[in-house]
Amino acid sequence: QIQLVQSGPELKKPGESVKISCKASGYTFTNYGMYWVKQAPGQGLQYMGWINTETGKPTYADDFKGRFVFFLETSASTAYLQINNLKNEDMATYFCAITMDAWGQGASVTVSS
Amino acid sequence: IQLTQSPSLLSASVGDRVTLSCKGSQNINNYLAWYQQKLGEAPKLLIYNTNSLQTGIPSRFSGSGSGTDYTLTISSLQPEDVATYFCYQYNNGYTFGSGTKLEIK
């Protein structure tokens, strides 16, 4: 069955970078694009963008252009989200998803000095 | 497209019929889904394309609507339905509503 397993919780300082992984199994990795969603503590869900797993081309939602990077390690069926120059408002749980009903378990990022 | 959910908090009794609302700032053309999210979990898809029940979801959940106005109905509220419910449009880009937190009275 389809599984998306994300990396563990991260604790970072403002200005640092963080890399979150999303390892896929149970399907052909390049058959589906990988989507990313942010959920700040106690808040709703925010679509961040997606990456075409066939071409590697990322598409970012307007609020996530600049410091956010989507990339792939196709040989390992893994997608990554990297956030550079972390800010307090980046503290959230980040989900990967390939379809409306296949989501990772979420990866939490805490930003604290 | 912006999505406005109401109410933001709903308290109801077990067995009640519960209705949650989602209004779009533009026509969504029925490309509207509903998710249930319990504390510490990923969202779970309940309904897609306005009224299609996702496999494995109890039949007490149903969706309806058209244009800009959509509704999720729980016909008989159960204790395990305590969660936050989000609507999601995929007609023009992708947008989530702000959520309705459902509690048992």
Spot the failing condition for A:Y60; the list is (1) over 30 Å from B:S8 (Cα atoms); (2) away from every other protein chain (no Cβ under 11 Å), and only one is missed. (1)
Restricting the range A:97-113 to residues that are open to solvent by 40 Å² or more (accessible area, probe 1.4 Å) and small (G, A, S), the residue that is farthest from the other protein chains (Cβ to nearest Cβ): A:S113
Only one of B:Q54, B:Q37 is open to solvent by less than 70 Å² (accessible area, probe 1.4 Å), free of Cβ contacts under 8 Å to residues at least 12 places away in the same chain, among the polar types (S, T, N, Q) and within 14 Å of chain A (Cβ to nearest Cβ), namely B:Q54
Output the residue which, of all residues in the range B:76-105 that are in a strand (DSSP E or B) and more than 14 Å from every other protein chain (Cβ to nearest Cβ), is least open to solvent (accessible area, probe 1.4 Å). B:L102
Can you name the residue in the range A:17-49 that is open to solvent by 70 Å² or more (accessible area, probe 1.4 Å) and free of Cβ contacts under 8 Å to residues at least 60 places away in the same chain and, of all such residues, is farthest from the other protein chains (Cβ to nearest Cβ)? A:T28
First in the range A:50-69 and closer than 16 Å to A:N84 by Cα, second anywhere and in a loop (DSSP other than H, G, I, E, B), Cβ under 6 Å, 6 or more apart: A:R67/A:N84; A:R67/A:N85
Here the residues within the range A:74-96 that are open to solvent by 50 Å² or more (accessible area, probe 1.4 Å) and part of a loop (DSSP other than H, G, I, E, B) are A:N85, A:K87, A:M91
It is to be established whether one or more residues within the range A:60-73 are among the aromatic types (F, W, Y) and assigned to a helix (DSSP H, G or I). yes
Sole exception among (1) within 14 Å of chain B (Cβ to nearest Cβ); (2) among the hydroxyl-bearing types (S, T, Y); (3) over 14 Å from A:K38 (Cβ atoms) for A:Y94, by number: (3)
So is A:Q6 open to solvent by 20 Å² or more (accessible area, probe 1.4 Å) and within 14 Å of chain B (Cβ to nearest Cβ) or not? no
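The values are calculated or read from the model by the stated rules, or taken from the named source; none is laboratory data. On a predicted model such as this, the values are computed, not experimentally measured, just so you know. Glycine gets a Cβ as well: all are built from the backbone with ideal geometry, and neighbour counts include every protein chain shown. These accessible areas exclude ligands, DNA and RNA; they are computed on the full protein's heavy atoms, side chains included. Shrake-Rupley method; radii C 1.70, N 1.55, O 1.52, S 1.80 Å.
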